[in-house]
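Below is one structure, written out as structure tokens, with a few remarks after it.
What follows draws every value from the coordinates through simple rules; no lab data is involved. If you're wondering where the values come from, they're calculated on a predicted model, not measured in any experiment. Virtual Cβ from ideal backbone geometry, glycine too; neighbours counted across all protein chains shown.
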Amino acid sequence: MAGSLVLIDSETVSSGVPSVSLTGVDSTYDVYMVIVSNLQCDTDVEDVKCRVTEGGTANSTTNYDRASKLLRASTSFSDQYAADETSWDMGTNIGTATGESSNFVQYIFNANNSSEYTFMTKEVAELNSTPELVGQQGGGVFTSTSTVDGINFFMDSGNIDSGEFKLYGLKK
Amino acid sequence: MALKTLEQFTAEAQTEIDAKKTANGGDGMFAQVNNVRREFTDAEYDQAVTDLAASKLDKQDNSYKEARQNSYLNWREQLDQLYHDMAADKGDKTGDWFAAIKKIKDDNPKPS
């Protein structure tokens with residue numbers, strides 16, 4: 001894998017913002033990878049969501065489907081799924097206490113291909129507001145054959161206080 | 001308490017978001033793009049109102065499901081509880097399993 005990942009955009013949040021965008025998705029790569037590390041927020045029990053961007057603007061149409069398995073340290077797993085939503089869920093019920101944060105890897109497929117839907121997979125590890133370790137594995141699709149050029153993360157409510165957001169291209 | 005409609009939550013969200021705008025004396029809502037932190041555009045503020053209203057509606061309508069899910073024992077423990085209830089001839093409403101499930105449902109009622 002050495003040399004197969006190309007860093008395209010990196011955002012370090014150190015002052016509260018409800019919205020962070022990663023830009024630079026184009027036809028250079030077929031697959032992009034997003035890594036979000038140590039995302040911390042300022043409002044308890046809120047979700048991190050994301051949308052694709054087109055022309056730099058987040059698309060909020062009802063074209064987001066998702067399905068994932070929630071793996072939990074203190075009880076049974078559960079399913080999470082929804083269709084025709086206005087965004088994808090990434091982190092769930094994030095807390096504000098020390099050590100509570102969300103971390104995830106997301107792969108994005110067909111983003112810049114205007115004849116295919118944009119798909120994504122996600123793998124999440126977070127310490128939520130309980131606090132409880134939650135792992136998530138799943139995927140989503142943006143059911144529009146548009147030209148996606150980036151991805152936007154935002155909080156359900158409140159701010160992202162800190163976190164590292166990185167966008168990589170996977171060499172063909 | 002009566003359930004609120006999306007329109008009512010939108011009105012609430014509009015008031016909350018308007019109060020955050022720097023033009024109205026608030027602290028502002030910001031987007032970080034290309035490592036530049038800038039205040040939301042009017043379109044982004046409008047979207048924030050829509051998102052906040054949808055979030056409030058979702059919490060009103062669905063948070064009880066999550067609270068119940070967080071409280072239920074895992075299925076292995078529930079099956080074990082049922083086995084012991086049946087072994088004690090309490091495979092009905094007098095058993096521990098029924099009492100535990102009822103308590104969780106009562107503690108986290110479906111909004112109406």
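Taking the criterion of being touching a residue at least 24 places away in the same chain (Cβ under 8 Å) and away from chain A (no Cβ under 12 Å), would at least one residue in the range B:19-30 satisfy it? Yes - at least one qualifying residue is present in the range B:19-30.
Looking across the range A:1-55, just one residue is of a type in the set (Lys, Arg) and more than 9 Å from chain B (Cβ to nearest Cβ), and that is A:Arg51.
Can you pull out every residue in the range A:113-158 that is among the acidic types (Asp, Glu), more than 14 Å from chain B (Cβ to nearest Cβ) and not in a strand (DSSP E or B)?
The first filter runs over the range A:113-158 and keeps only residues among the acidic types (Asp, Glu), leaving A:116, A:123, A:126, A:132, A:149, A:156.
Okay, now just the ones that are also more than 14 Å from chain B (Cβ to nearest Cβ), so A:116, A:123, A:126.
Listed by number, the list holds a single entry, A:Glu116.
A single member of B:Tyr45, B:Tyr83 is among the aromatic types (Phe, Trp, Tyr) and more than 11 Å from every other protein chain (Cβ to nearest Cβ), and it is B:Tyr83. Which ones in the range A:110-128 are buried (at least 18 other Cβ atoms within 10 Å of the Cβ) and among the polar types (S, T, N, Q)? Result: A:Asn110, A:Asn112, A:Thr118, A:Asn128.
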